[in-house]
There are 2 protein chains.
Amino acid sequence: MEFKEAKNKFVQTWGALGSQWGINKTMAQIHALLMVSHEAVSMEDIMEELQISRGNASMNLRALMDWGIVYKEYKAGERREFFTAEKDLDELAVKISRERSKREIKPALKVLKEVSAITSDNTAEEKHFVDQTTKLYDFVLKADNMLDKITEYKDNWLAKLVVKIMK
Amino acid sequence: MEFKEAKNKFVQTWGALGSQWGINKTMAQIHALLMVSHEAVSMEDIMEELQISRGNASMNLRALMDWGIVYKEYKAGERREFFTAEKDLDELAVKISRERSKREIKPALKVLKEVSAITSDNTAEEKHFVDQTTKLYDFVLKADNMLDKITEYKDNWLAKLVVKIMK
DNA sequence: ATAAACTTTCATTTTTTTTTGAAAATTTAA
DNA sequence: TTAAATTTTCAAAAAAAAATGAAAGTTTAT
């Protein structure tokens, strides 16, 4: 396999993986492209490589920057903007975890807390509901706290965690 | 908040959370519904509660069973089938991890291995590509192995892990 | 200030995903 | 068997999500 083919395969695969995890395909593809680019890439070049429109590129770059995993870069004497991806994988994982926690898990926790707090009339049905949603709340809270902890480790948390887990 | 309202809110929220993680909304809703039901539910009742068609219910129940997190149940003297969800949350997490690993992570790993194995002509560009995809392969492999380990713990892995992490 | 270079926005179109529902298949009871 | 009850399948329709592209907005150089 030659370089161009490999690069393309990587970008396509990363895009598909993104879709399966609720991230829009183009967004994941742009991210993939930037991750394997040794230098910052212009919007024009992204459009060209991925065959997408200006609007699409602009919107998804914005989203990636909102996630904190893509940065704008200015080159001296160049008017247009260039983009780079966070290339440190620990840092990338930390940022993705933090965002997903903030955007998705925390709001879900809030709802779980609310619904598990109903004053049940003690029918078997209602008791089971309260019991199950309470357990779910505790579980998700623990998982989310774990993410927070991992986030604090920051450098090389994954390797450290693996060592711990493997004993 | 009363029971019916709480139940509905939970089902809607679980559905929305599913979508954000690449799981079809109805599938997540059916799962939510079964999780908080104290006894097995018929397809008819699922259709009724979620206001969905027979085909939709049938297909998503099948998908949930393929994931191994919903079971069919037969009641004596009853012709139709009833469904229950895996209610143990550790078991649920383990099954979801295993499936996502098998369906999504393992194939992605295979591609990462392939593309990182190109014989580079040692341009800076190609060197960076090989370097980055190799790092990504190692990272994803480690993360995936961690999931495997967690899976082995099976009972109460999350609590144990939290204890470890918190030191 | 003007205008060229470039980016963002958003109504419209396109694509993708999900849902429907009716026909086919299956299962069970008589 | 036959037929009633139930489930599955899948082509077509609907809904949701993503992409386009041109106009509006910004920025920078002169």
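The values are calculated or read from the model by the stated rules, or taken from the named source; none is laboratory data. All values derive from a computational prediction rather than experimental measurement. Every residue, glycine as well, gets a Cβ built from its backbone with ideal geometry; the counts of neighbours run over all protein chains shown. Only protein heavy atoms, including side chains, enter the accessible area calculation; ligands, DNA and RNA are left aside. Shrake-Rupley method; radii C 1.70, N 1.55, O 1.52, S 1.80 Å.
If a residue must be within 14 Å of chain A (Cβ to nearest Cβ) and closer than 17 Å to B:N8 by Cβ, how many such residues does segment B:30-72 contain?
Of the residues in that region, 11 qualify.
Would you mind stating whether B:W157 is modelled with pLDDT of 95 or more and surrounded by 15 or more Cβ atoms within 10 Å (Cβ to Cβ)? If you could, list the steps in order and put the result at the bottom.
On the way: modelled with pLDDT of 95 or more: no; surrounded by 15 or more Cβ atoms within 10 Å (Cβ to Cβ): yes.
Answer is no for this residue.
Is it the case that segment B:93-108 has a residue that's of a type in the set (S, T, Y), in contact with a strand residue (DSSP E or B) (Cβ under 6 Å, 6 or more places away or on another chain) and surrounded by 14 or more Cβ atoms within 10 Å (Cβ to Cβ)? Lay out the reasoning, then the answer.
If we filter segment B:93-108 for residues that are of a type in the set (S, T, Y), which is where we start, we get B:97, B:101.
If we keep only those that are in contact with a strand residue (DSSP E or B) (Cβ under 6 Å, 6 or more places away or on another chain) as well, we get none.
Scanning segment B:93-108 turns up no residue that is of a type in the set (S, T, Y), in contact with a strand residue (DSSP E or B) (Cβ under 6 Å, 6 or more places away or on another chain) and surrounded by 14 or more Cβ atoms within 10 Å (Cβ to Cβ).
Looking at B:K75, is it of a type in the set (D, E, K, R) and either within 12 Å of chain A (Cβ to nearest Cβ) or touching a Ser or Thr at 6+ places or on another chain (Cβ under 8 Å) (or both)?
Numbers: of a type in the set (D, E, K, R): yes; either within 12 Å of chain A (Cβ to nearest Cβ) or touching a Ser or Thr at 6+ places or on another chain (Cβ under 8 Å) (or both): no.
Here the answer is no, as B:K75 does not meet what is asked.
Quick check on A:H31: is it part of a helix (DSSP H, G or I) and away from DNA strand D (no atom under 11 Å from the Cβ)?
In short, yes.
Do we find a residue being over 30 Å from A:L136 (Cα atoms), of a type outside the set (K, R) and open to solvent by 80 Å² or more (accessible area, probe 1.4 Å) anywhere in segment A:56-66? Write out each step before concluding.
Just the residues of segment A:56-66 that are over 30 Å from A:L136 (Cα atoms), to begin with: A:56-65.
Adding the requirement that they be of a type outside the set (K, R) leaves A:56-61, A:63-65.
Within this subset, residues satisfying the condition of being open to solvent by 80 Å² or more (accessible area, probe 1.4 Å) are A:59.
Yes, that holds for at least one residue.
Just checking, does segment A:74-82 include any residue being assigned by TED's automatic domain parsing to the domain that holds A:I46, within 16 Å of DNA strand D (Cβ to nearest atom) and at positive phi?
Yes; the residues of segment A:74-82 include at least one that is assigned by TED's automatic domain parsing to the domain that holds A:I46, within 16 Å of DNA strand D (Cβ to nearest atom) and at positive phi.
Restricting segment A:128-147 to residues that are over 11 Å from B:V36 (Cβ atoms) and open to solvent by 70 Å² or more (accessible area, probe 1.4 Å), which is farthest from the other protein chains (Cβ to nearest Cβ)?
Per the criteria, the residue is A:D138.
Quick check: is even one residue across segment A:74-87 within 27 Å of B:S19 (Cβ to Cβ), surrounded by 15 or more Cβ atoms within 10 Å (Cβ to Cβ) and touching a helix residue (DSSP H, G or I) at 6+ places or on another chain (Cβ under 8 Å)? Walk me through it before giving the result.
Quick first cut of segment A:74-87, residues within 27 Å of B:S19 (Cβ to Cβ) only: A:85-86.
Applying the additional criterion that residues be surrounded by 15 or more Cβ atoms within 10 Å (Cβ to Cβ) yields A:85-86.
Narrowing the set further to residues that are touching a helix residue (DSSP H, G or I) at 6+ places or on another chain (Cβ under 8 Å) leaves A:85-86.
Yes, segment A:74-87 contains at least one residue that is within 27 Å of B:S19 (Cβ to Cβ), surrounded by 15 or more Cβ atoms within 10 Å (Cβ to Cβ) and touching a helix residue (DSSP H, G or I) at 6+ places or on another chain (Cβ under 8 Å).
Quick check: is even one residue across segment B:7-18 in a loop (DSSP other than H, G, I, E, B), within 14 Å of chain A (Cβ to nearest Cβ) and open to solvent by less than 30 Å² (accessible area, probe 1.4 Å)?
Taking segment B:7-18 and keeping what is in a loop (DSSP other than H, G, I, E, B), we get none.
There is no residue in segment B:7-18 that is in a loop (DSSP other than H, G, I, E, B), within 14 Å of chain A (Cβ to nearest Cβ) and open to solvent by less than 30 Å² (accessible area, probe 1.4 Å).
So, B:I46, is that one hydrophobic (A, V, I, L, M, F, W, C), more than 29 Å from B:L141 (Cα to Cα) and within 11 Å of DNA strand D (Cβ to nearest atom) or not?
Values: hydrophobic (A, V, I, L, M, F, W, C): yes; more than 29 Å from B:L141 (Cα to Cα): yes; within 11 Å of DNA strand D (Cβ to nearest atom): yes.
Criteria met by B:I46.
Among the residues of segment A:19-45, count how many are open to solvent by less than 50 Å² (accessible area, probe 1.4 Å), within 10 Å of DNA strand C (Cβ to nearest atom) and closer than 15 Å to A:R80 by Cβ. Step through it out loud before you land on a result.
Let us first name the residues in segment A:19-45 that are open to solvent by less than 50 Å² (accessible area, probe 1.4 Å), namely A:22-23, A:26-37, A:40-43.
Then drop every residue that is not within 10 Å of DNA strand C (Cβ to nearest atom), which leaves A:22, A:42-43.
If we keep only those that are closer than 15 Å to A:R80 by Cβ too, we end up with A:42-43.
Counting residues in segment A:19-45 that are open to solvent by less than 50 Å² (accessible area, probe 1.4 Å), within 10 Å of DNA strand C (Cβ to nearest atom) and closer than 15 Å to A:R80 by Cβ gives 2.
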